[in-house]
Amino acid sequence: MTAIEARDLRRTFGDNEAVAGIDLTIEPGEMYGFLGPNGAGKSTMVRMLCTLLRPTSGSATVAGFDVAKNPGEVRLRIGVALQDASIDGKQTGRELLHTQGRLYGLKRDDITRRMTDVIDLVDIGTAIDDRVDSYSGGMKRRLDLAMSLIHRPEILFLDEPTTGLDPSSRAAVWAEVRRLNSEFGMTIFLTTQYLEEADELADRVGIIDHGVLQTEGTPTALKRSIGTDLIVAEVDGDTAVAAAAIEALPSVSGVEVHGNELSLATADGAAVIAAVAVALNGCGVPVRALTLRTPTLDDVFLSVTGSHLAPGRNTSASTDEESETQEVAS
Amino acid sequence: MSTTTDTAVPSGPLAHRSSIVHDLATVAQRAIRGVFREPEFFIPALIVPVFFFIVNVGALQDFTEQTGIITDFKAFQLPVSIVFAVTGVSRASALVTDIQGGYFDRLLLTPIRRPTLLLGLMAADFVSVVMLAVPVLMLGLVLGVRFETGVIGMLVFVAYGAAWGLAFAGFPYAIALKTGNPAAVNSSFILFFPFAFLTTTFLPKEALTGWLSTVATYNPVTYVLDGLRSLISEGWVWESLAKGLAATFALMVLSFGLASAAMRGRIKSS
């Protein structure tokens, strides 16, 4: 039995098709990252899968139950942390966890035991007995995560779990999410607009844009689909002239142009970059930067959608392990 | 974060559906906690009925008693103050906060029975209206109002007023669920005025004339006030009590019919 399965799932709001026919299969124990910009349809997809929103058409099953026909069974088996920490600020953290346990019908002993577990998990200290209004954003997020785990769900949906968090809170959430998946085998469906989050956490990544699943695969496979190495040139002049000069090189099979940026994928960047630099110099187009690096998920996103995901793409897209950036010319 | 927690995926779900009583108690427990954490809510809600009671008695007691229209104007006004105290009291503002903050979605994600989301709030409303009605009753007793029906009559008096308050609460809930807008919920207070003033607020029905008399005939508050007044001045007049309860029940069916429809609409469109 698959953990999550969607077939031609669609949701429209008036004339806007927020999710436009998505097929998806996620296996038990898998951590799936749903990557896309704001408004791509990520949250709509999550809300349909967790029974908050009825699909306009298509079908989906979660934990083996149809989300439209049997939402009650789905709700018993999933935990959900929505985009904004959805908690009642007038209650204390402990009261909210207790209420959450009761809402899921847990027995008194189970509530006591699970509260101990998840209070340990959220690591809020004595503030657990303070009203949530006094919590920081990171504390609210962690409490939200704990509330979604109180009934020990089989499948956890995390809708942009680290948006708005500072780096240390983000790292703490990542560590916990990774542990839930690796140690306990919890299936996790994670939406994010952060490339490094998908890259760090997900076993597989699906890239969504304009309500359509553009591509999916392991982060490594997706990046390899671009090429082993990527040479990127930022130019100030005529990009067509510059592209033609590079394409004329015998070792280059194709150049993609996006704005003032030219990129070419190659199996051996170190061998090709010198020739590219000479070609650009020879065609008379001023070059602002010439970079050799390994592809990132942002490059994958650019390749399938035609635009970058993050405005600060080169910083947010790369991780220490994958990005061997080498400034050649500027 | 700690590394000693037990969040292991179970062999079967730990969660299960509970009884409706359990669900109701869970929602009510949280809502009642919320009531006690908003003391600022009670002060203006108490000032209004006390203010009107003192002003109305001061302005009209001599006139009504000397002309023989009313024998005991304080006893006549005490039910009005109770109605003023409890009408419009609800957790609708808290519901809007839940909707806007996402907690309502979190509730919908649980296996809880949907009707208890409203019924649980009503339980908190009952606590609120009793907390408002009792001080008003005490004020009346201090000022010399005496009950023909004794202590039991006083308890029935509070419960009767509370039932009316609950019946009216369906309107702000309907607005909260339909709009999710705090300004709209606050404006539901406007509904209070026709109910509270186009009736026997200042004079008995026999003294009303023209259109006001006609409107008062169709205003359920007229019958609620009659029932409440009968407990103070006449003893156990079952017909008056029954009419008031019937009027309360009719309004409850209407207001909570609207609230339930708004709830279904919100769940469907969410």
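Before moving on, here are some points about what is shown:
- Calculated on alpha-carbon atoms, Rg and Dmax of the stretch B:20-269 in Å: 18.7, 63
- Loss of accessible area when B meets A, both sides summed, Å² nearest 100, probe 1.4 Å: 4400 Å²
- The value for the protein assembly as shown of Rg(Cα) / (2.2 N^0.38 Å) is 1.29.
- Calculated FRET value between A:Arg288 and A:Ala267, using beta carbons and R₀ = 22 Å, to 0.05: 0.30
- Simple label model, 7 Å out from Cα along Cβ direction - A:Asp109 to B:Ile20, nm: 3.0 nm
- Of all beta bridges that DSSP places with both ends in the protein assembly as shown, some 70 percent have antiparallel geometry.
- Note on the stretch B:136-268: with neighbouring protein chains present and a 1.4 Å probe, carbon and sulfur make up 71 percent of its accessible heavy-atom surface.
- On chain A, 47 percent of the accessible area sits on carbon and sulfur atoms, based on a 1.4 Å probe.
- Summing charges over neighbours of A:Val46, with a neighbour being any other residue whose Cβ is under 12 Å away from its Cβ, gives 0 when K and R count +1 and D and E count -1.
- Anchor B:Lys205: aspartates and glutamates whose Cα lies under 17 Å away (excluding residues fewer than 8 positions away in-chain): B:Glu65, B:Asp72, B:Asp226, B:Glu234, B:Glu239
- Of all the options A:Val67, A:Val285, A:Val46, the one that moves most in a Gaussian network model of chain A with Cα springs shorter than 10 angstrom is A:Val285.
- Note that the stretch A:48-54 has calculated 3J(HN,Hα) couplings of 6, 5, 9, 6, 7, 9, 7 Hz, one per residue in order, obtained from phi through the Karplus relation 6.51 cos²θ - 1.76 cosθ + 1.60 (θ = phi - 60°); glycine and proline are x.
- Selected from A:Gly101, A:Gly254, A:Gly217 as most flexible by GNM, with chain A as the system and alpha-carbon contacts under 10 Å: A:Gly254
- Counting 0.36 nm for each residue step from A:Ala221 to A:Glu247 and taking away their Cα separation leaves a gain of 6.8 nm.
- Exposed GluC sites (Glu not before Pro) absent: longest stretch of chain A, with sites in DSSP loops and at most 13 other Cβ within 10 Å deemed exposed: A:1-320
- Note on B:Val127/B:Leu245: beta-carbon distance plugged into 1/(1 + (r/R0)^6) with R0 of 30 Å gives a FRET efficiency of 0.90.
- Considering every alpha-carbon pair of the stretch B:34-158, the percent of pairs per 10 Å bin, from zero through the bin containing the longest distance, is 11, 34, 26, 16, 9, 3, 0.
- Accessible area per residue for the protein assembly as shown is 41 Å², calculated with a 1.4 Å probe on protein heavy atoms, without ligands, DNA or RNA.
- With the simple spin-label model, which puts each label point 7 Å out from Cα in the Cβ direction, the B:Tyr218 to A:Ala68 separation comes to 4.4 nm.
- Cross-link reach list, lysines versus A:Lys69, counting only Cα pairs under 28 Å and skipping chain neighbours closer than eight places: A:Lys42, A:Lys107, B:Lys178, B:Lys268
- Choice from B:Leu95, B:Leu191, B:Leu46 showing the highest fluctuation, given a GNM over chain B with Cα pairs closer than 10 Å: B:Leu191
The values are calculated or read from the model by the stated rules, or taken from the named source; none is laboratory data. A quick note: this is a predicted structure, and the numbers were derived from the prediction, not measured. No Cβ is skipped: glycine too gets one built from the backbone with ideal geometry, and neighbour counts run over all protein chains shown. Note: areas computed on protein heavy atoms with side chains; ligands, DNA, RNA excluded. Shrake-Rupley method; radii C 1.70, N 1.55, O 1.52, S 1.80 Å.
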